[in-house]
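Visitor: First the structure, which I've put down as C-alpha cells, then a few questions once you've had a look.
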Amino acid sequence: MRAHPAGARHGDVAPLTQQVAPAPADLAYLDPAIWPIGTERRGGAVVLGGVDVRDIAEQHGTPVYALVESDVRARCRSYRDAFGDDGDIYYAAKALLTRALCRWMDEEGIGLDVSTGGELAVALAAGFPADRILMHGNNKTVDELRQAVTAGVGRVVLDSDIEIARLAHIAEELGVCQRVLVRVTVGVEAHTHEFIATAHEDQKFGFSLGSGAALEAARRVLMLPSLELVGLHSHIGSQIFDTAGFDVAAHRVAGLLASVRDTLGVTLPELDLGGGFGIAYVAGDDPVDPHSMAKQLRAIVQRECAAAQLPTPRIAVEPGRALVGPAGVTIYEVGTVKDVDGIRTYVSVDGGMSDNIRTALYDADYTITLASRESDAPPLLTRVVGKHCESGDVVVRDAWLPSDIAPGDLLAVAATGAYCRSMASNYNNVPRPPLVAVGNGVSRAIVRRETIDDLLALDQP
Ligand SMILES: Cc1ncc(COP(=O)(O)O)c(C=O)c1O
C-alpha cells in the first residue's frame, strides 16, 4: 500500500509524478510468493489448481473469483502445525465466507471468528461446530447474541458495558453459562513493518486498557454467574509483517492479566492476540511464515507472563487474509484499451470497484498479469480500471502489461481471496461475480454469479 499524497482522498487518482516500479524483466513471470501454490503457465496461459483460466472464463464467465482449494488447505495446515495443540486458530470469516469454505476450515481443524449474525448463520448452515465459533462485534444486537448463545458458540468477545449486561441477561434466560473474553484496546496500531504504540485508544472496539475500563469490565463479568470469563482479546492491525507490535501489545495485556489476578483474584487461562498477519500482494512484500510467527508470539507471551509470574495462557489467533488471500485470483476480460495522449494507457476490464474495493478504499496495490496468452510485445505502463462511473474505480494503478494488450484478453489479479468477494457491492447495479473453487483440474462455483433477476427480486416497485 502506498501513502496518499498530501491532501488526497482515498478515491483520488494518483498524481502523474508518482514513483512507479520499473518494468519487470519477464512480464509473464508468476512469483510463487504472490500467486497460489502450483500456479503455472501452459502454452502461455495461466493455470490455477490445474485449470486453464480460459476454461474458467468460458465455464463461469468473467469477471470471476477463482479460489485454489489446495492453497487454502495448505495455509490452514501450516497455521495449525505452527500453533500446535496448545494454541487455537479462528479463521476470521469477514475475509471470505461460504459454506464450502466453512467445511474446509472444519476439516483442517480451524475454528471460526464471526462478527455478525449473518456470518454466524452461514457457519451454522454449513454445520460448523458451534463450540469452535468465536463471536466478535462492537454492536451485536440482542437477536444476534441470542442466536449465538442458543447455538452454543464457544466464545463471545465482549465489547461494551451494554453488551455485558445484554449477554448476561440472555444467557441467564436461556439457562446457560456463556464463555466470554473481554476485548482490550491496548494502544498499539500495527501495519506491515510499522507500529505505533500510543497511550490513547481512540477507536470503537473494546475496552480501554489505559483508562482502567478493561479491568473494570473484567470485574463486572466475574460477578455475573451466567458469564464465564476465560480470557482477554486484543487485535492490533492488519497486513502485519513482523512481531514488534505484538510484543508491545502482549506486554500490555500481560500487565492486565496480572492486574486481574492481583485485584480480582482470578488467573485467566486464555489470550487471543487477534489477526492481521500479512500476505504478499506485490514483489518485495515479505510476510513472516506462520511457524516463525507462532514461535515468536509464544516466546513473547511466555516472557511477559513469566515476568508477571503468571502461567502462560493458551494462545489464540484469528488470521483471515493469511488463510485465504493468496489462494484467490480474480479473472477479468479486457473491454477497451484507450491511449490518453501523452499521459497513459487505460485498460478497462469488465469488473472493478464493485468486486474489489480495496484499491479505491485503501490505495491497495496488486500484481496483475496477461493470463490468456503469451506475448513478446514490449512492456507498456498502463492503468487497469473498472467499468464503474467513478474515476477512482481503479483495479491496478500502475500495471506493466505487454503493449499488444487488446480487447478479449484475460487479465488475472493475484492475492484477491480476502476482502474482495466479502466487500463486494452492487454499485451501478452490477451483479457480483461467482466464486469458483479450483483444484485437481476441475472448477466448481461455490457461490454462483448474481443475476439482474436477483437484483430485481429485491426491488419492490
Ligand atoms: C478482531 C479481528 N480479528 C481478526 C481479523 C482478521 O484480520 P486479517 O484478515 O488481517 O488477519 C480482524 C480484521 O479486521 C479483526 O478485526
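Just so you know, all these numbers are worked out from the coordinates, no wet-lab data involved. Computed from a prediction, not measured in an experiment: that's the story for all the values here. Please note: Cβ atoms are built from the backbone with ideal geometry, for glycine as well, and neighbour counts cover all protein chains shown.
Visitor: For the range 116-240, just list the percent of Cα-Cα distances falling in each 5 Å bin from zero outward, please.
Guide: Going out from 0 Å in 5 Å bins, the range 116-240 shows 2, 11, 21, 21, 18, 13, 9, 4, 1, 0 percent.
Visitor: Treating only the Cα positions of the range 334-425 as identical point scatterers, give the base-10 log of I(q)/I(0) from the Debye formula at each q in 0.21, 0.26 Å⁻¹.
Guide: Normalising to I(0) and taking log10 leaves -1.03, -1.49.
Visitor: In debye to the nearest 20, how big a dipole does the chain give about its Cα centre with +1 on each Lys and Arg Cβ and -1 on each Asp and Glu Cβ?
Guide: The calculated dipole for the chain is roughly 560 debye.
Visitor: Ok, one more. Compute the Kirkwood hydrodynamic radius of the range 66-178, taking the inverse of the mean of 1/r over all pairs of distinct Cα atoms, and give it in Å to one decimal.
Guide: Roughly 14.6 Å, rounded to one decimal.
Visitor: Would you kindly work out the equivalent ellipsoid of the chain from its C-alpha gyration tensor and give its semi-axes, the square roots of five times the eigenvalues, largest first in whole Å?
Guide: 41, 24, 21
Visitor: Kindly rank 408-420, 33-45 from highest to lowest mean number of other beta carbons found within 10 Å of each residue.
Guide: The densest-packed peptide leads the list: 408-420, 33-45.
Visitor: If I stretch the segment between TYR362 and ALA23 completely, what's the gain in nm (0.36 nm per residue apart, minus their alpha carbon distance), one decimal?
Guide: The TYR362-ALA23 span can extend by a further 119.7 nm.
Visitor: Show which aspartates and glutamates lie in cross-link reach of LYS140 when reach means a straight Cα distance below 18 angstrom and same-chain residues fewer than eight apart are skipped.
Guide: Output for LYS140: ASP113, GLU119, ASP159, ASP161, GLU163, GLU172, GLU173.
Visitor: Would you mind putting 267-274, 452-459, 365-372, 55-62 in packing order, based on average other-beta-carbon counts within 10 Å, highest first?
Guide: Most protected by this proxy first, the peptides run 365-372, 267-274, 55-62, 452-459.
Visitor: Based on Cα coordinates alone, diagonalise the gyration tensor for the range 252-339, multiply each eigenvalue by 5, take square roots, and list the semi-axes in whole Å, largest first.
Guide: Computed over the range 252-339, the values are 42, 13, 10 Å.
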